[in-house]
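The values are calculated or read from the model by the stated rules, or taken from the named source; none is laboratory data. These numbers come from a predicted model, not from an experiment. Cβ placement follows ideal geometry from the backbone for every residue including glycine, while neighbour counts extend to all protein chains displayed.
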Amino acid sequence: MTIKVLIIDDSAFMRTMLSEILQAAPEIEVVGTAADPLIAREKIKALNPDVVTLDIEMPRMDGLSFLARLMALRPMPVVVVSTLTQRGTEVAIRALELGAVEIVGKPVLHVENEIERLKTELIGKIRIAARSKPRARMPVEAQPALIMDRAFSSEGRIVAIGASTGGVEALQKLISPLPVDSPPILVTQHMPQGFTSSFSRRLDQVSQMSVCEATDQQRVLPGHVYVAPGNLHLELARYGAHYICRVHDGATVSGHRPSVDVLFHSVAVTAGANAMGIILTGMGKDGAAGLLEMRKAGAHSFGESEVSCLIYGMPRVAKEMGATECEGDLSFLAHQIIMKRGVQNN
C-alpha cells in the first residue's frame, strides 16, 4: 500500500530534501508540499494525505497551533520534523501531547552522516505513523480526578507501566487523575535521551501524584511516579525492607533502552503477586514477554484496548501471548490501579 505524504515546511530547501528522501522509499509517495499551515490546510482537503510532516517554526501560523487545530478538526497522522525538537525538548513533548505520532530532528549540519540519519529515521517513522489511528484530542487537564477507596492501602504494592508510540498522551490520561495516595508507579516510555526529563516535568504538572525521572538507588514511595531516563534501563529492586529504583546502561533488550521487558522482568522477580503490570500503545513487542512473567508470578496484568490505542502493537502481542488478564481504555486502567486488592507476604 502506498503511503501518501504531504510536507509542510517554510524552507524550500527542506521541502526539496524531505521530498527526495521520502520518494526514495518505494512505498511512499510525496503528493504535495506546503510553505505554511494555511496553504497546507487547503492541500490536505484536496490531496487527502495519509501522513503529514510538520515544521514548528513557520510564517502566518506556528506548527504547534496548526497541529492543535488539525487534531481537533481532522485528526490524522503527523510527524513533526523540526530543529526545535532538538534544541527545546519541551516543544517536542508539547507536540506529542497535541497528537503528533512521532518526532524527528532536522540535521543541525548538512553533512553526510546527518542526512543518512534523517533518511533512516524519517522513513521509519512515516511507516509507523501510517499505521496509527489518531483521534480528536481531549485536554489532559479535563480528566476527572479519581478518589481512593478508604479501605484501600497502597502499602507494598507496585504498578509497572510500559508504552511506546502514543504513550505521552496515554500516560498523561492514565496518571493525571490518580489520587496522591496511589501505589508507586514505575514507567518505561520509549523516548530518546534528554526528552524524559521534560516529559517527567510535564507529567508532574498535570498529575496529583509526584512525577520524576528515576535515579539509581532512589527509594520507591506511594504517591510517586518514576520514569525511566532516556537511553537507560529502569528496574525495581529491594534494599532491606524497601523498594528502590535501579537505573543502568545495560545492553538493549527487544531493541530498546529503556526496555519495558527489563522493567517488567524485574518487577516479576522483586514484587511478584504484589504488583500490577499495564502495557499501553506502541509498535512492536517490547514488554509482552515481561508482562507474561509478571502474570505467571501472580501479578495482575492489563493491556490498553485496540480502540483506545494510537498503535495497537505491544498490547496485541501481549494479548496473543496470554500475558494480559483483560484489556480496557485508559479510564478502565486507571480504576484498576486504585482498586482494592490484597497484598501478599513475600
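Listed values, structure above:
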| quantity | calculated |
| --- | --- |
| Residue within region 268-280 that is assigned to a loop (DSSP other than H, G, I, E, B) and out of contact with any strand residue (DSSP E or B) (no Cβ under 9 Å at 6 or more places or on another chain) present | no |
| Conditions (1) free of Cβ contacts under 8 Å to residues at least 12 places away in the same chain; (2) farther than 24 Å from LYS133 by Cβ: number failed by LYS45 | (2) |
| Residue check for ALA170: in a strand (DSSP E or B) and at pLDDT 90 or above | no |
| The listed residue being within 20 Å of ALA271 (Cα to Cα), β-branched (Val, Ile, Thr), over 16 Å from the mean Cα position of the chain (by Cα) and at pLDDT 95 or above, out of THR188, THR215 | THR215 |
| Selection count where residues are closer than 24 Å to THR252 by Cβ, buried (at least 23 other Cβ atoms within 10 Å of the Cβ) and among the hydrophobic types (A, V, I, L, M, F, W, C), scope region 286-308 | 3 |
| Residue match in region 241-258 (condition: out of contact with any Phe, Trp or Tyr (no Cβ under 6 Å at 6 or more places or on another chain), buried (at least 19 other Cβ atoms within 10 Å of the Cβ), polar (S, T, N, Q) and closer than 27 Å to CYS212 by Cβ) | no |
| Condition check for VAL220: among the β-branched types (Val, Ile, Thr) and either outside the structural domain of GLY272 (by TED's automatic domain parsing) or surrounded by fewer than 21 Cβ atoms within 10 Å (Cβ to Cβ) (or both) | no |
| Any hit, region 286-293, residues being over 20 Å from PRO134 (Cα atoms), assigned to a loop (DSSP other than H, G, I, E, B) and touching a residue at least 40 places away in the same chain (Cβ under 8 Å) | yes |
| Cβ pairs under 8 Å, 6+ apart, first in region 119-135 and crowded, with 17+ Cβ neighbours inside 10 Å, second assigned to a helix (DSSP H, G or I) and acidic (Asp, Glu) | none |
| Which listed residue, of THR215, THR196, is touching a Pro at 6+ places or on another chain (Cβ under 6 Å) and not hydrophobic (A, V, I, L, M, F, W, C) | THR196 |
| Any hit, region 190-202, residues being buried (at least 23 other Cβ atoms within 10 Å of the Cβ), under 17 Å from VAL262 (Cα atoms) and touching a Leu at 6+ places or on another chain (Cβ under 8 Å) | no |
| Condition check for PRO229: in a loop (DSSP other than H, G, I, E, B) and under 18 Å from the mean Cα position of the chain (by Cα) | yes |
| Any hit, region 303-317, residues being modelled with pLDDT of 95 or more, farther than 19 Å from HIS190 by Cβ and either in a strand (DSSP E or B) or not assigned by TED's automatic domain parsing to the domain that holds ARG257 (or both) | no |
| Scope region 159-188; condition in contact with a Ser or Thr (Cβ under 7 Å, 6 or more places away or on another chain), within 17 Å of ALA334 (Cβ to Cβ) and polar (S, T, N, Q); matching residues | SER176, SER182 |
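Yes/no matrix, rows are residues, columns are (1) part of a strand (DSSP E or B); (2) closer than 24 Å to LYS125 by Cα; (3) without any contact (Cβ under 8 Å) to a residue 60 or more places away in the chain:
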{"site": "PRO177", "(1), (2), (3)": "no, no, no"}
{"site": "SER182", "(1), (2), (3)": "no, no, no"}
{"site": "PRO192", "(1), (2), (3)": "no, yes, yes"}
{"site": "ASP216", "(1), (2), (3)": "no, no, yes"}
